[in-house]
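Data first, discussion second: the structure below is written as structure tokens.
The values are calculated or read from the model by the stated rules, or taken from the named source; none is laboratory data. These numbers come from a predicted model, not from an experiment. When we count neighbours, we look across all protein chains shown, and the Cβ atoms used for this are built from the backbone with ideal geometry, even at glycine.
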């Protein structure tokens with residue numbers, strides 16, 4: 001097919017089926033991908049990458065020693081929630097990969113508090129939920145980070161041994177009891193002596209993240225850092 005005809009058909013397809021910004025629903029312009037440039041500028045970035053005592057890291061003080069950072073602040077009804085909904089419930093894994101690329105670029109910043117990562121590990125779903133959804137929403141995020149940083153990632157290092165009930169409508173205490181001892185390490189030798197970057201989509205109370213972290217930290221000589229697309233700040 002001649003290039004001119006190919007371009008014409010592509011433009012015609014976009015006219016009737018335009019790509020839209022998944023944050024604001026406006027039509028994407030050429031050069032824009034997933035999120036328009038305007039929304040990208042306006043997303044509530046946290047700046048955690050340059051702050052060792054940032055609010056997300058403080059959630060773990062006295063319980064887990066680590067460096068932690070979130071890309072955005074989570075706000076109900078705002079663009080970040082819309083993006084996460086597309087990733088989690090609308091099959092838009094490209095959103096996770098796109099945001100993972102953004103996370104990866106933060107890791108490469110001079111002065112970033114998270115350094116020298118050996119392996120990227122996404123927080124796992126139970127196999128029943130993953131089978132129903134078709135994917136783990138944290139996997140494309142980990143993949144996106146890996147694409148930018150060239151750090152390998154593994155979706156088999158950590159497993160969810162028990163299926164917990166949805167956290168959505170639980171209070172803080174119930175969230176913590178709901179995730180106790182539900183994670184396991186498939187092959188401790190794969191993680192021994194390494195610096196692991198645990199990746200989640202959103203952190204609210206930190207219960208799920210801490211359960212994962214405590215499981216990983218039971219392995220000899222291991223170090224863990226934690227990142228999420230968004231954090232719900234109190």
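Does any residue of the stretch 76-99 turn out to be under 26 Å from residue 183 (Cα atoms) and part of a strand (DSSP E or B)?
Among the residues of the stretch 76-99, not one is under 26 Å from residue 183 (Cα atoms) and part of a strand (DSSP E or B), which makes the answer no.
Given the criteria at pLDDT 95 or above, part of a helix (DSSP H, G or I) and in contact with a strand residue (DSSP E or B) (Cβ under 7 Å, 6 or more places away or on another chain), does residue 141 qualify? Please lay out each step first, then the result.
Details: at pLDDT 95 or above: yes; part of a helix (DSSP H, G or I): yes; in contact with a strand residue (DSSP E or B) (Cβ under 7 Å, 6 or more places away or on another chain): yes.
Criteria met by residue 141.
Does residue 103 fit the bill of being in the same structural domain as residue 73 (by TED's automatic domain parsing), in contact with a helix residue (DSSP H, G or I) (Cβ under 8 Å, 6 or more places away or on another chain) and closer than 20 Å to residue 44 by Cβ?
Criteria met by residue 103.
Test residue 83 against the stated conditions and say whether it is surrounded by fewer than 18 Cβ atoms within 10 Å (Cβ to Cβ) and in contact (Cβ under 8 Å) with a residue 12 or more places away in the chain.
On the way: surrounded by fewer than 18 Cβ atoms within 10 Å (Cβ to Cβ): no; in contact (Cβ under 8 Å) with a residue 12 or more places away in the chain: yes.
The answer is no for residue 83.
Can you confirm whether residue 121 is under 13 Å from residue 199 (Cα atoms), in contact with a strand residue (DSSP E or B) (Cβ under 9 Å, 6 or more places away or on another chain) and surrounded by 14 or more Cβ atoms within 10 Å (Cβ to Cβ)?
Judged against the criteria, residue 121 is a match.
Could you tell me how many of the residues in the stretch 103-123 are assigned to a loop (DSSP other than H, G, I, E, B) and either touching a residue at least 60 places away in the same chain (Cβ under 8 Å) or on the phi > 0 side of the Ramachandran plot (or both)?
Number satisfying all stated conditions: 9.
I'd like the full set of residues that are modelled with pLDDT of 85 or more and farther than 27 Å from residue 48 by Cα, limited to the stretch 155-181.
Filtering the stretch 155-181 for residues modelled with pLDDT of 85 or more gives 155-160.
Listed by number, the residues that qualify are 156, 159, 160.
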